[in-house]
Amino acid sequence: MVQMSGNHRPPNILYIHSHDTGRYVQPYGYQVPTPNIQLLADQGVLFRNAFCAAPTCSGSRASLLTGQYCHNNGMLGLAHRGWSLNDYGQHVVHPLHAAGYYSALIGEQHISRDAGVIGYDDVIELDTNGAGDVAPTAITTMSDCPEPFFLSVGFFETHRQFSAPTSVRDTLYSLPPPNLTDSPRTRQDMAAFKASARSLDQGIGAVLNGLYECGLAERTLIICTTDHGLAFPGAKATLFDRGLGVMLLMRGPGGFTGGKVFNAMVTHLDVYPTICDLAAIEHPPWLQGASLLPLVRGETDRLHDEIFAEMTFHAAYEPVRAVRTERWKYIRRFDDYGHPVLPNCDDSASKDLLIEHGWAEQVIPSEQLYDLVFDPSEARDVAGDPGYVDVRASLRGQLDEWMEETDDPLLRGSVEPPPGAQLNEQSQRSAGDTLRIATPDPADVSD
């Protein structure tokens, strides 16, 4: 146990993360009752325009925990399908460990098939990663572990399969996301999401209550976020704001108090350097984000003029990149498959409804441009409009420059999966369809 006193004592860090929640929680204005997450907002700070770096489960978490884009940290696909970090030594637990922190992993992690390679002091095995198992284990762990600590508490909720709807009112009246038609099937689907969100919130509430009971609340920084957007069509595994937008709430030492709301664009890449600053750790040279502290302390009103996001593999290959400013979103596809890649959308009643109406045959252009002031739902692509030629060219240039500066492998052509990776074909309907196992290119295999 590290003994430090006064203002020099580094805070404990409680990293709470969920699956596929986006911003669909109460403090972001949605009709999804989450009173415990609301309490964090009321007592801490809420980032209204927080984004993940990749709208996939492994890629998003890998970027937050290494402070790097996926094409730099290696997580270009899903860990359970064969991808891994280039260097697990770049995970945030390693500099924290060097600074005297104890670390433990409880519940979901999604960045390695073998959690033992990540570097936690303890990996606590559970029967499930649902709130009913994760929350009590997190409470027991924090009551016994040395300080300062870094605890990763990962909830399976709100990943599909959702919980069964628990409210007739929700089933009848729940409004689906605005890009989906309002129908009995989509309302039922949204009601099931809300049931899972209730379970998530109850798990978070139990952990917060445990933090108070252990007398740790005042010296613990809570980071509460999710990996990416909802597991609905047009959200998760897309570079629309519906896929990239995440809840991000923080409460604790360092100025993360007072019920403040920040409107500046921030990303998951900013979490690692923030942790470094609060723990008095030098920033590793690979970090690609910016500390949130100047924003939180009122020293600036913006961190980024633009943010970037990517996806290469999810269930199937779909190489896309995007740049977002406060006004514009530019998305570019880097292969010739010009239709929705259906395996990359989780199966659901909402997905079935779209497929029945011809979704699979829709054509997706190689470039898309959206005016986020007049079209915040990203429904009207203006990339081909002559009036937006200069805007499109400028954003294309920004994206090209970022890809060059970060040595994006897409600049050299199609990205190959690692040998043994499991893939769906782009033309399949579901991630549950027959998988292809990636094999090495014979040209790359030496005798």
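Things to note:
- Pairs of lysines in the chain (C-alpha under 26 Å apart; 8 or more residues apart or interchain): 6
- Within the chain, helix-based [θ] at 222 nm, where runs of 4 or more DSSP H residues each add -39,500 (n - 2.57), nearest 500: -8000 deg cm²/dmol
- Relative to the current alpha-carbon distance between THR257 and GLU401, full extension at 0.36 nm per residue lengthens the span by 48.1 nm.
- Most simply put, the chain has about 50% antiparallel DSSP beta bridges, counting only bridges with both residues inside it.
- For the stretch 226-271, Kirkwood radius (reciprocal of mean inverse C-alpha pair distance, Å): 12.2
- Nearest-ten-degree value, helix 184-213 long axis tilted from longest Cα axis of the chain: 20
- Point-charge dipole on Cβ atoms (K/R +1, D/E -1) for the chain, about Cα centre, debye to 20: 1180
- Selected from GLN26, LEU65, HIS80, residue furthest toward positive end of dipole (the chain; charges at beta carbon): GLN26
- Positive-end extreme of charge dipole, the stretch 97-195 - chosen from THR137, HIS110, SER163 (charges on Cβ): SER163
- Rounded to the nearest Hz, the phi-derived 3J(HN,Hα) couplings of the stretch 102-117 under the Karplus curve 6.51 cos²θ - 1.76 cosθ + 1.60 (θ = phi - 60°) are 8, 9, 9, 10, 10, x, 4, 9, 6, 10, 7, 5, 10, 4, x, 7, where x marks glycine and proline.
- Note on the stretch 205-340: the alpha carbon radius of gyration divided by the globular reference 2.2 N^0.38 Å gives 1.23.
- In the full protein context, the stretch 225-359 carries 31 Å² of accessible surface per residue, based on a 1.4 Å probe and ignoring ligands, DNA and RNA.
- Per residue, the solvent-accessible area of the stretch 43-131 (1.4 Å probe, heavy atoms of protein chains only, all protein chains present) comes to 30 Å².
- When a 1.4 Å probe is rolled over the protein heavy atoms, the share of accessible surface on the chain that falls to carbon and sulfur comes to 48 percent.
- Annotation for the stretch 31-106: chymotrypsin sites (Phe, Trp or Tyr not before Pro) lying in DSSP loop with at most 10 further Cβ atoms inside 10 Å of their Cβ do not exist.
- Projecting the alpha carbon convex hull of the stretch 1-142 along each direction and taking the average yields 10.1 nm².
- Net charge over other residues, Cβ less than 9 angstrom from the Cβ of ALA322 (K, R count +1; D, E count -1): +3
The values are calculated or read from the model by the stated rules, or taken from the named source; none is laboratory data. Keep in mind the model is a prediction, meaning the values are calculated, not measured. Note that each Cβ is placed from the backbone with ideal geometry, even for glycine, and that neighbours are counted across all protein chains shown. Keep in mind that these areas ignore ligands, DNA and RNA; they rest on the heavy atoms of the full protein, side chains included. Shrake-Rupley method; radii C 1.70, N 1.55, O 1.52, S 1.80 Å.
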